[in-house]
Structure formats: structure tokens, C-alpha cells
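> One structure coming up, written as C-alpha cells, with questions to follow.
The values are calculated or read from the model by the stated rules, or taken from the named source; none is laboratory data. Only a predicted model underlies this, so the values are computations on that prediction, with no experimental measurement involved. Cβ coordinates were reconstructed from backbone atoms using ideal geometry, including for glycine residues, and neighbour counts include every protein chain displayed. Areas reflect the complete protein model, heavy atoms only, side chains present, ligands, DNA and RNA absent. Shrake-Rupley method; radii C 1.70, N 1.55, O 1.52, S 1.80 Å.
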Amino acid sequence: MMAIFEYAPAPESRDVVDIKPSYGLFINGEFADGSGTPFKTINPATEEKLAEVATASSDDVDRAVQAARKAFGVWSALPGAERAKYLFRIARIIQERARELAVLESLDNGKPIRESRDVDVPLVAAHFFYYAGWADKLAYAGLGGTRPLGVAGQVIPWNFPLLMLAWKIAPALACGNTVVLKPAETTPLTALAFADICRQADLPPGVVNIVTGAGETGAAVVGHPDVNKVAFTGSTEVGRIIARAVAGTDKKLTLELGGKAANIVFEDAAVDQAVEGIVNGIFFNQGHVCCAGSRLLVQESVHEEVLESLRRRLSTLRLGDPLDKNTDIGAINSAEQLAKIRSLSDLGESEGAQRWSPACELPDKGFWFPPTVFTGVAQSHSIARDEIFGPVLSVLTFRTPAEAVEKANNTPYGLSAGIWTEKGSRILWMADRLRAGVVWANTFNKFDPASPFGGYKESGYGREGGLHGLEAYLDV
Ligand code: NDP
């Protein structure tokens with residue numbers, strides 16, 4: 001893409017990670033073979049094979065659940081302060097191995113090293129530190145109970161592999177539960193590195209078990225009769241399947257599903273700051289973000305000014321090698337996801353919206369999609385309704401705050417929203433009316449372990465993070 005001046009390549013070294021040719025399952029503190037057919041995980045930026053990974057059959061999942069059940073007796077009986085020591089130790093090892101984890105995440109997922117290094121991995125460590133602090137203070141959390149639930153079955157997606165693992169495992173362990181976790185098929189490597197970290201931290205065997213595989217393995221985890229709690233992050237479609245599988249059992253369930261967030265820019269907003277927030281809102285992590293600001297609602301009076309500024313800014317973004325420290329936009333995670341982004345974007349064009357991307361050369365190998373902006377979007381267009389989960393922004397306009405609220409809430413989802421204005425009173429007025437679990441004001445995609453996260457409507461239920469995140473893992 002056009003740049004003010006060219007940057008010399010600044011690649012992070014791959015040598016800081018040692019990727020083995022093949023990986024097994026992590027059950028009862030040991031790496032073991034899986035009974036299913038192994039699958040390969042690739043680098044989406046080059047399509048190069050990174051490793052073979054074991055597939056857990058339902059018998060393997062059963063062994064993992066049994067290990068977790070056995071470990072539950074020991075782990076839940078430890079005083080909170082003792083559990084905290086393990087969690088603090090894990091947090092510190094994550095910090096010590098931060099560079100290795102960041103490179104591994106970028107290789108397996110395609111996200112820019114700048115993001116895995118500065119956002120994902122520091123937040124992962126922060127989550128473990130935060131929940132380590134709660135482990136001996138559960139009685140003061142005011143939740144009405146301190147008893148853990150038992151064995152937690154957790155299934156996570158590929159967009160923030162290690163961070164979603166931390167969101168699930170840190171609170172579960174702090175409360176005294178044990179865990180069987182299935183990472184996504186396209187991004188299993190950092191979860192397996194985490195298994196190694198558990199060993200390094202001397203975590204008692206069976207407290208954390210990692211079972212790799214596809215949707216069937218996930219279904220075996222969710223459906224296992226001896227699992228007491230199910231936590232899922234992923235698509236609304238699979239969330240529905242899981243809700244059906246859990247219905248009628250006494251398993252506790254939290255679902256964190258899709259989104260189609262409105263990022264709302266008022267005419268009194270600081271335009272340059274808002275444009276940075278729009279870019280961060282939808283192009284961070286290639287738009288593979290459930291709370292991405294994929295619908296820009298801009299007040300009609302500043303529409304042209306904001307769009308012009310946005311186009312100028314997008315022309316300076318650098319797309320390419322995820323391991324280059326100057327890269328802003330990395331690779332799309334998989335061929336399937338690329339096909340989905342392409343087909344939804346083509347649909348947007350055929351429905352009559354105008355498509356724009358900056359001049360941008362895409363690498364020959366790997367999965368790439370340029371940052372894309374659609375203008376002239378109507379609320380009925382599929383690009384204004386469906387989660388694209390890619391670097392695609394749909395722009396709509398509004399005239400009054402009431403109209404902004406109506407349009408923002410006109411979605412089956414309700415995960416997040418953004419407001420850009422210099423008036424504090426307007427922020428509060430809007431935040432009161434927006435049906436979204438998280439509302440950011442003059443910022444976007446800001447995460448903190450102390451802050452709860454979760455949705456309304458088809459974005460799921462339950463909260464992760466903060467004090468609220470403990471509730472999902474306690475018998476209250
Ligand atoms: P899925 O919801 O299919 O995957 C999430 C996790 O669930 C993965 O670990 C997956 O395994 C597993 N899984 C799949 N089927 C089942 C099942 N029946 N029972 C239990 N677990 C299951 O998302 P995809 O990765 O397939 O992406 C599809 C679309 O979902 C994307 O295009 C995007 O729009 C949306 N998405 C939204 C996310 C969000 O956070 N809001 C996150 C990821 C995707 P496996 O990886 O092996 O299939």
C-alpha cells in the first residue's frame with residue numbers, strides 16, 4: 001500500500017520457537033497420542049505446514065474428563081492461597097516466554113506480531129495475574145458462595161487462541177475447578193505450548209487437560225456426562241447446537257458468540273481520533289474479532305470528512321508478513337474464512353453498496369484480503385446484518401442521536417458498541433440506550449481483565465472477566 005516513506009523489513013526471528021513435527025494430547029499432565037486421525041496446522045501467511053496434531057476421539061475426551069475429575073478432588077481442596085501460587089507462577093512463565101508465545105501465535109494464526117506481542121500475550125499474563133489475586137478472596141467477592149462447580153469443558157475459537165484460553169482457564173482454576181479445553185483446529189499450537197507451561201509450573205496432573213481436534217472433539221467435550229460446566233466462544237450457529245446439547249442437563253453454560261457492533265461517530269467528535277478508533281475497531285486482527293466495530297454509523301454532517309480521512313489513513317496501512325514488526329494487517333486465518341469474507345463482500349456489492357479498498361498488493365501465497373470499506377449501505381443489506389469476521393467495514397449514516405440508537409440496536413446481536421463525541425452527557429445518554437454488553441466511549445477494542453465482557457441476544461449469555469467472570473465458575 002502507499003506509504004509516506006517505505007519501511008525496511010523488520011522481521012521477528014522465528015528461531016525463538018521450537019515447533020515439533022507432531023503434537024499429542026495433554027491428559028493428566030502427560031502428552032499422549034490421540035486415537036483419531038491427526039490433522040495438520042499451517043501458517044496461513046505462507047500455507048506452509050507447521051506441525052501434525054493429534055485428534056482426540058470421544059474415548060480420549062473421556063480419559064481427559066476422568067483425569068480432570070480425579071484432579072478436582074485435590075485442586076478444589078487446596079486453600080485459595082495455594083491455588084494462587086500456581087496461577088502467579090503460570091503468569092510469570094507466560095511473561096518469561098512472551099516472545100516465543102507471540103511468534104508462535106503469529107505463525108499459527110496469521111496475526112501481526114505487533115498485536116500478538118503487545119496485545120494478546122500481555123493480556124494473557126494479565127488475566128492469570130488478575131484471577132490469581134481472587135483465588136484466596138472468593139469469600140469477599142459477594143457472590144453468595146465459594147464452591148467450585150467441578151470439571152469445566154471449554155471450547156474456544158481461532159481468533160485469539162491463547163487469550164481465549166486465558167479467559168477460560170484462569171477464572172476456572174482460581175475458583176477451584178479443573179478443565180478440559182479444546183482449542184480451534186486451525187490454531188492449536190499455543191494451547192499446546194500452554195500445556196508445557198503447566199508442566200513447567202508443576203501444576204498437579206489433570207488440573208488442565210488439552211484435547212485437540214475438530215468440531216466432533218468439541219461436541220464430545222460439551223456432551224460428556226461428567227462435565228459440570230460448559231464455556232464456549234465461537235459462532236452463533238455452533239452456540240445454538242451447544243445450547244441444545246446442554247439443555248435438560250444440570251450443566252452450567254456460558255456462551256460468547258458473534259457480533260455486529262455499531263461504532264457511532266457524532267459531528268462533534270475529534271475526527272482524527274475517531275478515525276484511529278474506526279481503524280482499530282475493524283482492522284485490528286484482520287477484523288476476526290467478535291466485538292469488532294463492523295458497522296460505522298457516522299453523523300450525516302461529517303460523513304464526507306470522516307470518509308476522506310479514513311481512506312487516507314487506510315492507504316498508509318501495511319499488509320503482509322505477520323512476523324514483520326511494521327505490519328498492520330496480517331493473513332486471514334484460513335482458506336474457509338477467506339472464502340466466507342469474499343462471498344459476503346461480493347454479496348454487498350451485488351446488493352448495491354459501493355466497495356472501496358486502498359491500492360494494495362496481496363502476497364501470492366497464503367490467505368489475504370485487503371481492508372475494505374462499503375459506503376451507501378442500507379440496514380437491510382446483508383453486509384449490515386451478518387457477521388463477516390474479516391477486514392470489511394459497512395458505513396451507514398444518521399442525523400439524530402435517537403436515530404443512531406435505533407440503527408445501532410437494529411441487529412440480532414448485542415456484544416459491543418462505540419461512541420465518539422466530546423459530550424460526556426451524550427455518552428451516558430447513548431450508553432443507557434444501547435443494547436450491548438460493552439460500550440466504549442472515545443476508544444474501541446480496549447480490554448482489561450478487571451472488566452466484564454459478554455453479550456445480549458444472539459451474542460450469547462454470561463460474562464467473562466472481572467468479578468462477574470468468577471460467578472460463571474462458582475456454585476452460586
Ligand atoms: P465455530 O463456532 O465453528 O468454532 C469455534 C470452536 O467450536 C472451535 O474450536 C470449533 O472446532 C468448535 N466446534 C465446532 N463445531 C462444534 C460442535 N458441534 N460442538 C462443539 N464444538 C464445536 O467457528 P468457526 O471457527 O467455524 O468460524 C465460523 C464463523 O463463526 C466465522 O466465520 C465467524 O463468523 C464466526 N466466529 C465467531 C467468533 C466469535 O468470537 N464471535 C469466533 C470464531 C468464529 P474447530 O475449530 O475444530 O471447527
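> Run the simple label-point estimate for residue 140 and residue 22 please: 7 Å along Cα→C-beta, distance reported in nm.
5.1
> Could you state, as a whole-number percent, how many of the C-alpha pairs of the range 120-159 are farther apart than 12 Å? Spell out each step's value before the answer.
Values: 568 of 780 pairs.
It works out to 73 percent of all Cα pairs.
> Among 106, 88, 317, which residue has its Cα positioned farthest towards the positive end of the charge dipole of the chain, with +1 placed on the Cβ of Lys and Arg, -1 on the Cβ of Asp and Glu, and the dipole taken about the Cα centre?
Of the candidates, 88 comes out farthest on the positive side.
> What does the C-alpha gyration tensor say about the overall shape of the chain? Classify as rounded when a/c is under 1.5, otherwise prolate if a/b is larger than b/c, or oblate. Intermediate values should be presented prior to the final figure.
On the way: a/c = 1.83, a/b = 1.41, b/c = 1.29.
Prolate, because a/c is 1.5 or more and a/b exceeds b/c.
> Taking Rh as the Kirkwood radius, which is the inverse of the mean 1/r over Cα pairs, what is the Rg/Rh value for the range 313-381? Don't skip to the answer; put the middle values down first.
Working: Rg = 13.3 Å, Rh = 13.3 Å.
Reported Rg/Rh, Kirkwood definition of Rh: 1.00.
> Do any of 407/457; 260/446; 85/229 go past 20 Å between their Cα atoms, and which? Write down the numbers at each step before the final one.
On the way: 407/457 16 Å; 260/446 17 Å; 85/229 24 Å.
Flagged as over cut-off: 85/229.
> Quick one: what do you get for the range 46-187 if you divide its Cα Rg by 2.2 N^0.38 Å?
On the way: Rg = 16.3 Å, N = 142, 2.2 N^0.38 = 14.5 Å.
Rg over 2.2 N^0.38 Å, computed on Cα atoms: 1.13.
> On to the next question. Based only on Cα atoms, what mean projected area does the convex hull of the range 123-244 have, in nm²?
Numbers: hull surface 31.4 nm².
Spelled out: convex hull of the Cα atoms, projected over all directions, averaged, 7.9 nm².
> Could you order 158, 440 so the one with the most accessible surface comes first? Probe is 1.4 Å. Don't skip to the end; give the middle numbers.
On the way: 158 50, 440 20 Å².
So the residues, ranked largest to smallest area, are 158, 440.
> Under the rule a/c < 1.5 gives rounded, and otherwise a/b versus b/c splits prolate from oblate, where does the range 12-92 land using the Cα gyration tensor? Spell out each step's value before the answer.
Details: a/c = 3.72, a/b = 1.43, b/c = 2.61.
Oblate shape, in that a/c is at least 1.5 and b/c is the bigger or equal ratio.
> So how much accessible area does residue 413 have, in Å² to the nearest 10, using a 1.4 Å probe?
That residue has around 30 Å² of solvent-accessible surface.
> Also, quick follow-up: What is the ratio of the Cα radius of gyration of the range 219-332 to 2.2 N^0.38 Å, where N is its residue count, to two decimals? Can you show the working numbers first?
Working: Rg = 19.7 Å, N = 114, 2.2 N^0.38 = 13.3 Å.
Relative to the rule-of-thumb radius for its length, the range 219-332 sits at 1.48.
> Calculate the dipole size of the range 185-241 relative to its Cα centre from +1 charges on Lys and Arg beta carbons and -1 charges on Asp and Glu beta carbons; express the result in debye to the nearest 20. Don't skip to the end; give the middle numbers.
Values: 3 positive and 6 negative charges, 27 e Å.
Once rounded to the nearest 20, the dipole reads 140 debye.
> Could you tell me which residue out of 410, 306, 289 lies farthest along the dipole of the chain toward its positive end? Charges go on the beta carbon: Lys and Arg +1, Asp and Glu -1, centred on the Cα centre.
410
> Shifting gears a bit: Any idea what log10 I(q)/I(0) is at q = 0.09, 0.10, 0.19, 0.22 Å⁻¹ for the range 276-410, Debye with uniform C-alpha scatterers and no solvent?
The Debye formula, applied to the Cα set alone, gives -0.25, -0.31, -1.12, -1.47.
> Let me ask something else. Alpha carbon centre of the range 99-174 versus the range 437-476: separation in Å?
If we compute the Cα centre of each part, the gap is 13 Å.
> I need the shape label for the range 351-476. Rule: rounded when a/c is under 1.5, else prolate if a/b > b/c, else oblate, with a, b, c from the alpha carbon gyration tensor.
Numbers: a/c = 1.98, a/b = 1.35, b/c = 1.47.
Oblate.
> Once label points are set 7 Å from the Cα along Cα→Cβ at both residue 432 and residue 6, what is their separation, rounded to one decimal in nm?
Those two pseudo-labels are separated by 5.6 nm.
> Further, regarding this structure: How far, in nm, would the chain grow between residue 318 and residue 335 when pulled straight, counting 0.36 nm per residue and subtracting the alpha carbon separation? Numbers along the way, then the final one.
Working: separation 17, 0.36 × 17 = 6.12 nm, distance 2.12 nm.
Contour length minus Cα-Cα distance gives 4.0 nm.
> Here is a further query. How much area per residue is accessible in the range 224-275 when the probe is 1.4 Å and only protein heavy atoms are counted (Å²)?
Details: 2020 Å² over 52 residues.
Here the residues of the range 224-275 average 39 Å² of exposed surface.
> Something else about it: Grab the Cα-Cα distance for residue 216 and residue 354, subtract it from 0.36 nm times how many residues apart they are, and report the gain in nm with one decimal. Could the numbers behind the result be given before it?
Working: separation 138, 0.36 × 138 = 49.68 nm, distance 3.99 nm.
Extending this stretch completely gives an extra 45.7 nm.
> So, one more: Using a 1.4 Å probe on the protein heavy atoms only, what accessible surface does residue 99 show? Give it in Å² to the nearest 10.
130
> Now a separate question. For the range 94-169, with only Lys/Arg (+1) and Asp/Glu (-1) charged at the beta-carbon, what is the dipole magnitude about the Cα centre, in debye rounded to 20?
My answer is approximately 180 debye.
> Next question, about the same structure. Need one number: nm distance between label points at residue 475 and residue 346, each 7 Å from Cα along Cα→Cβ, rounded to one decimal.
5.4
> Then there's this: Considering the options 248, 270, 233, tell which one lies farthest towards the positive end of the dipole of the range 230-270, charges being +1 on Lys and Arg and -1 on Asp and Glu at the Cβ, about the Cα centre.
Sorting the options by dipole projection puts first 248.
> Using a 1.4 Å probe on the protein heavy atoms, what percent of the accessible area of the range 13-112 belongs to carbon and sulfur? Don't skip to the end; give the middle numbers.
Values: 2210 of 4550 Å².
Looking at the range 13-112 in its full context, I get 49 percent from C and S.
> Shifting gears a bit: Ignoring ligands, DNA and RNA, what percent of the accessible area of the range 371-429 is carbon or sulfur (1.4 Å)?
Numbers: 1080 of 2090 Å².
Answer for the range 371-429: carbon and sulfur cover 52 percent of the accessible area.
> Could I ask something else about it? To the nearest 20 debye, what charge dipole does the chain have about its Cα centre, counting +1 at the Cβ of each Lys and Arg and -1 at the Cβ of each Asp and Glu?
Details: 47 positive and 57 negative charges, 231 e Å.
Here the chain has a charge dipole of around 1100 debye.
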